[in-house]
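To start, the structure under review is shown below, and the notes come after it.
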Amino acid sequence: MTDLRPVTALGGETPARLQAGGHTLREIGDMGLASLALRQGAAEPAPFGLALPGPGQWQAGAEVAAFWTGPGQWMIERPGRADSDIAAELAPLCPGCSVTEQTDAFACFEIAAADGAAMDRLLARLVNLDPARLRPGSAQRTGFEHLPVFVIRRAGDRVAMLGMRSAAGSLWHALARIVTREAAR
Amino acid sequence: MRLPGGLIDRSRTLRFSFDGRAFTGHPGDTLASALLANDVRLMGRSFKYHRPRGVLAAGPEEPNALVTLGTGARAEPNTRATVVELCDGLAAASQNHVGSLGRDLMAVNDLLSPLFAAGFYYKTFMWPRAFWERLYEPLIRRAAGLGRLSMQPDPDAYDKGFLHCDLLVIGGGAAGLAAALTAARTGARVILADEDMRLGGRLLAESHTLDDLPATDWIDRVERELASLPNLTVLRRTTVWGAFDHGIFGAVERVADHLPDPGGRVRQTLWRITARRAVLAAGAIERHIPFRNNDRPGIMLAGALRAYANRWAACPAGPVAVFTGTDDGHRTALDLMARGVEVAAVIDPRDGARAQGPYRLIPGAVVTDTQGRLGLTRIAVTTAKRTEWIAAATLGVTGGWNPNLNLAAQHRARPVWDAATGCFLPPDGAVPGLTVAGAAAGQGSTHAALRSGAAAAAGALASLGIAAPLPDLPRAEDAPAAASPIWHVPGRGRAWVDFQNDVTVKDIRLAHQENMRSVEHLKRWTTLGMATDQGKTSNVTALAVMAELTGRGIAETGTTMWRPPYTPVPISVLGGGDTGPDFRPRRLTPTHHWAAAQGAVFVEVGAWMRAQYFPRPGETHWRQTVDREVLATRAGVGLCDVTTLGKIDVQGADAGAFLDRLYANPMASLKVGMVRYGLMLREDGHLWDDGTCARLAGDHYVVTTTTAQAGPIYRHMEFARQCLWPELDVQIISTTDAWAQISVAGPQARRLLERVVDGFDLSNAAFPFMACATLTVCGGLRARLFRISFSGELAYELAVPARYGAALMDRLLQAGADLGATPYGTEALGVLRIEKGHAAGNELNGQTTAQMLGMGRMVSARKDAVGAVMSRREGLLAEDRVLVGLQPVDPADPVVAGSHLFTPGRAQDTATDEGWITSACHSPHLGSAIGLGFLACGRDRLGEVVTAANPLEGQQVALRVVPLPFIDPEGGRLRD
């Protein structure tokens, strides 16, 4: 175990958190991520027993989840396993696939609202995705404040946003401002 | 004066000021209606001639009554008084005058008007040429204009949002309400956007009844039902200002503009609305009729006069006359009389016109002149027989209505002239998915508007497979639309067409004389239809006058192009509200906060913020700091965060073949565990990017790009993978942000790294120059090590997961304290690479080739690659400029990048230009400035002296051409 101390995407020792009215914005500091892409002729794997989701979808299993990122491509989420060599763990479970560590490629934020309707209203201020079609279990790539992001609706009242780790500060700034304003409305 | 009735709340009084004078009004008033109620007719000065002007209209089309709202940083110029909702404490000021509004010194322009005809400055201010920029233009800009900006940062907050719906209804008048009701009852998702403070549109301005009840009763009932439907969103105070592709509309909601204290609210919200279908029910804009001196305060659109009386219980002053080419104007007379206003006369050019009430009608007559310096006092009425002066303080004018179809015409479709109703109608299918209804479609009677709105909504939903029954609609007036017989009153003197830009019938005639035959040329020559009102009250009249002059007819003359935004939109709200450091997103390196704590100075590199240098106490100039960092690196070991360089993970059975086609030089032959420098060319054979390519396994490479090209190269590789060679088995993904990468450079680099690696053999034999490996450091942290050198020293780049970047940097600095470990920034990085003669962005500027860098032979002839064939073009092969080193003959002289190179003594022009300096710095190693440059036949001119010309600063510097690199030419340092 290394004695180097990691920092979160926002540069803190602990993940940032903001409470505004019924909304909670959290930095997720320990999400392990790896990309998974099928090579030619490879069979679709079921890593950790997870059935990989179809286009625009997110699928959660036991301590693992995945979202579709392109034809034959997924991002595998391992909550709480940011410090492990997730690519090395995943590759043997996915024969004939290309696996790349992506844990620190992204900053991950989660927003919780009081209920689904409140989240729908918040989404209208966040991204150009129709909340009525971004139902729980949806995952989309879109733009947010000039930055490319993934938006995952983990539940009616809960949304995750993954964006470039290097832009974590700008993402947080925008998210915090929008969440705070929405809470004040 | 204030009339009885109206839709204002008289139980409350609001205080406001105009030009410092205190007034009162009521909730429901606009600034314009409150001023009229307070007998204020003079509200501004015209653009060019500084003529006294009053309010013309009652809505967003207002060209005259432009005021500055607020003070200090919040001062907002060019605000239309007709759309400003009155609130307590509102402070407004008139614009465009020197001295008081009543005694504007610039009114002298009006006397000099013959000088200021259309296009005058194109002809008048031609000589002497130098006077234009320094004298004429500033003078003209001072004399002409509207409001002035505060020149202070906008203190308000703005935001944006995204809405999606099945049907967007634009406009909340009779047609819009009927459309929204029809659609919302089906359960479809509907958005109703209306720019007024109150729904109802023109229904609020008329005295018509619906089912024999006041229109407001029906509106209230509809509003109650709409409020009960969760699938309907009503956006009040929201202007839809642009129709874009794929059913996207731009809208601005004025969230807090109408509140005395916005509290914590944003001022405005920019909505991007994606609608599967849309109904445009934006109503119509009334036309005036140009006649001599038709611009005095008190002369208004007849429909506006009616609106002020019926909705706002306000009238400028009595007695009132009406000049009307249609039956519409007679209604104005009747409505005013019903509220006790004295009507002096109704002037109707139609010989057969009949009075519709007990007022004096003058048929077969026109208004030919007016009097009243700061406000109307008399009008001249001329019939075939005689001219009569009639006392009038207010004159309502109407020449019919123009459908407000701009949103339907923003996709280049031209409106269609309808001779029967005398107006332009929206073309069918001009904007996919958009249907036009109500007065905007020429269906101007209340009966027609209600029914066409409902039908438009039902039709739009039917195309989505949703059946929408038509609602029961109230009985309403159904007066037929008729064309006005006249467009303007011919005669001597000036008759204004465009009030905002001071364009008269004479100016249009002049433009025609000057051969400006197209309406687009007419617009640009006269400035007609420009500025904040975009010709809402003038365009159609102007082209009708133009048509008369050319004899071509209105349909053939056509309209000018409509473009968004049709109504003024603050830049602040388009900007989305973020300013200063948050104006655009920033990317921070993994060591950013660490570097900030070290006191680093940062520099923007694209979106990235990079440490530029690390000043230490006592250093008073950045050069001191940079020199120290460079010397410390060459003497001991330097540390630099190089995370910003693009990293692309390339995997797959065909990864090598894929990279062979992308890089000019071979990569498939690269041994596992080794790194190779590579060049990528554009399709045209010019250099695009350079970087290293590391082979971690047979089917696994890591490509690095320059910081600037990380995005474009990744996009290019994705395009190549998906579209050019889908048969190759390749998977790519960016890992730029995933790994913190730190350059460890200098003669002590190996000793320092030995202190952090976990039992990894760093000896030259085990890990030679250009080797790479995966390993662990600092007790088990996964890492990647590359032995590559940008500085020319023994150097490595060590990568760890980004979350550990700052900790690793700190550890290296501590562990290397005795070795002289020193952090360095981009400035020292630049010096080190220039001393080593390495190319960077300055050399790879899109105009250079591998041959120019002396790397022509890297473009492999044994395989094909993107750009390889084109790089062998005759023209590119003939290029003789190559990269050389440059050093001043006098070591005290500067070397300035961008200077051009010439043979001493020769003329300095394009023909004799021999190249240019790409990069320059002070080399602490050599004790002078040095530079890199492309020089014609440079390789054959080593030792020669050339002149570097920097005409911007008047510099001529003698430089000696020297071989590259400046340091360690044998390259022993990086290989030892």
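The values are calculated or read from the model by the stated rules, or taken from the named source; none is laboratory data. Because the structure is predicted, anything quoted here is derived from the model rather than measured. Quick reminder, even Gly has a Cβ in these numbers, built from the backbone with ideal geometry, and neighbours come from all protein chains shown. For accessibility, only protein heavy atoms count, side chains too; no ligands or nucleic acids. Shrake-Rupley method; radii C 1.70, N 1.55, O 1.52, S 1.80 Å.
List of remarks:
- Qualifying residue in segment A:74-86 (condition: surrounded by fewer than 16 Cβ atoms within 10 Å (Cβ to Cβ), among the aliphatic types (A, V, I, L, M) and modelled with pLDDT of 95 or more): no
- Scanning segment B:387-401 for residues that are over 14 Å from B:Ile285 (Cβ atoms) and either modelled with pLDDT under 95 or in a strand (DSSP E or B) (or both) yields a total of 8.
- Only a single criterion out of (1) within 14 Å of chain A (Cβ to nearest Cβ); (2) surrounded by 15 or more Cβ atoms within 10 Å (Cβ to Cβ) is not satisfied by B:Gly575, namely (2).
- Within segment A:17-41, considering residues that are surrounded by fewer than 19 Cβ atoms within 10 Å (Cβ to Cβ) and within 14 Å of chain B (Cβ to nearest Cβ), the one farthest from B:Leu813 (Cα to Cα): A:Gly41
- Residue check, A:Ala117 without any contact (Cβ under 8 Å) to a residue 24 or more places away in the chain, out of contact with any helix residue (DSSP H, G or I) (no Cβ under 7 Å at 6 or more places or on another chain), within 28 Å of B:Gln651 (Cβ to Cβ) and of a type outside the set (Lys, Arg): no
- B:Ala597 open to solvent by 30 Å² or more (accessible area, probe 1.4 Å), in contact with a strand residue (DSSP E or B) (Cβ under 6 Å, 6 or more places away or on another chain) and free of Cβ contacts under 8 Å to residues at least 40 places away in the same chain: no
- Among the candidates B:Gly867, B:Gly915, B:Gly905, the residue that is open to solvent by 30 Å² or more (accessible area, probe 1.4 Å) and on the phi > 0 side of the Ramachandran plot is uniquely B:Gly905.
- Residue list for segment B:874-905, filter: among the aliphatic types (A, V, I, L, M), in a loop (DSSP other than H, G, I, E, B) and modelled with pLDDT of 95 or more: B:Val889, B:Ala892, B:Val895, B:Val896, B:Ala897
- Count - residues of segment B:503-552 that are in a loop (DSSP other than H, G, I, E, B) and closer than 25 Å to B:Leu146 by Cβ: 13
- Checking each residue of segment B:67-80 against the condition of being touching a strand residue (DSSP E or B) at 6+ places or on another chain (Cβ under 9 Å), of a type in the set (Ser, Thr, Tyr) and under 27 Å from B:Asn406 (Cβ atoms) gives at least one match.
- Filtered residues of segment B:745-755 (kept if in a loop (DSSP other than H, G, I, E, B) and either touching a Phe, Trp or Tyr at 6+ places or on another chain (Cβ under 7 Å) or surrounded by 21 or more Cβ atoms within 10 Å (Cβ to Cβ) (or both)): B:Gly746, B:Gln748
- Inside segment B:130-179, residues that are without any contact (Cβ under 8 Å) to a residue 24 or more places away in the chain, open to solvent by 60 Å² or more (accessible area, probe 1.4 Å) and of a type in the set (A, V, I, L, M, F, W, C) make up a count of 6.
- Being touching a helix residue (DSSP H, G or I) at 6+ places or on another chain (Cβ under 7 Å), surrounded by 18 or more Cβ atoms within 10 Å (Cβ to Cβ) and within 9 Å of chain A (Cβ to nearest Cβ) holds for only one residue in B:Leu781, B:Leu728, B:Leu762, and it is B:Leu781.
- Qualifying strands (runs of 3 or more DSSP E) (wholly inside segment A:66-185; at least 3 residues being at the interface with chain B (Cβ under 9 Å from one of its Cβ atoms) and among the polar types (S, T, N, Q)): none
- Contacts under 9 angstrom Cβ, first residue in segment B:573-585 being closer than 25 Å to B:Thr239 by Cβ, partner in a loop (DSSP other than H, G, I, E, B) and open to solvent by 80 Å² or more (accessible area, probe 1.4 Å), 6 or more apart: B:Gly575/B:Phe583; B:Asp578/B:Arg584; B:Thr579/B:Pro153
- Close pairs from segment B:855-867: first among the polar types (S, T, N, Q), partner crowded, with 20+ Cβ neighbours inside 10 Å, Cβ under 7 Å, at least 6 apart: B:Ser860/B:Ala664; B:Ser860/B:Asn665
- Residues satisfying the criterion are absent from segment A:42-53 (criterion: within 14 Å of chain B (Cβ to nearest Cβ), among the small types (Gly, Ala, Ser) and assigned to a strand (DSSP E or B)).
- Elements of the type strands (runs of 3 or more DSSP E) sitting completely within segment B:148-256 and holding at least 3 residues that are closer than 24 Å to A:Leu129 by Cα and of a type in the set (D, E, K, R): these cover B:158-170.
- Set B:Leu819, B:Leu812, B:Leu832, B:Leu808: member being at pLDDT 95 or above and either open to solvent by 30 Å² or more (accessible area, probe 1.4 Å) or over 28 Å from A:Pro6 (Cβ atoms) (or both): B:Leu832
- The residue pairs whose first member lies in segment B:802-826 and is charged (D, E, K, R), whose second member is assigned to a helix (DSSP H, G or I) and open to solvent by 10 Å² or more (accessible area, probe 1.4 Å), and whose beta carbons are closer than 9 Å, counting only pairs six or more residues apart or on different chains, are B:Arg803/A:Arg165; B:Asp810/B:Trp594.
- Within segment B:925-958, the residues that satisfy the criterion of being surrounded by fewer than 19 Cβ atoms within 10 Å (Cβ to Cβ) and touching a residue at least 60 places away in the same chain (Cβ under 8 Å) are B:His925, B:Leu926, B:Arg939, B:Gln955, B:Ala958.
- Per-region count, segment B:206-256, residues among the acidic types (Asp, Glu) and either open to solvent by less than 20 Å² (accessible area, probe 1.4 Å) or touching a strand residue (DSSP E or B) at 6+ places or on another chain (Cβ under 7 Å) (or both): 1
- Enumeration of residues in segment B:731-758 that are within 14 Å of chain A (Cβ to nearest Cβ) and more than 50 Å from the chain's Cα centre (by Cα): B:Arg755, B:Val756, B:Val757, B:Asp758
- Count - residues of segment B:406-432 that are out of contact with any Ser or Thr (no Cβ under 8 Å at 6 or more places or on another chain), in a loop (DSSP other than H, G, I, E, B) and either at positive phi or open to solvent by 10 Å² or more (accessible area, probe 1.4 Å) (or both): 13
- The lone exception for B:Trp127 - which of (1) open to solvent by less than 20 Å² (accessible area, probe 1.4 Å); (2) more than 14 Å from chain A (Cβ to nearest Cβ); (3) not basic (Lys, Arg) it fails: (1)
- Taking the listed residues B:Val255, B:Val234, the one that is on the phi < 0 side of the Ramachandran plot, within 12 Å of chain A (Cβ to nearest Cβ) and not basic (Lys, Arg) is B:Val255, with no other qualifying.
- Search result, residues across segment B:76-101 that are of a type in the set (Gly, Ala, Ser) and open to solvent by 20 Å² or more (accessible area, probe 1.4 Å): B:Gly89, B:Ala91, B:Ala93, B:Gly99, B:Ser100
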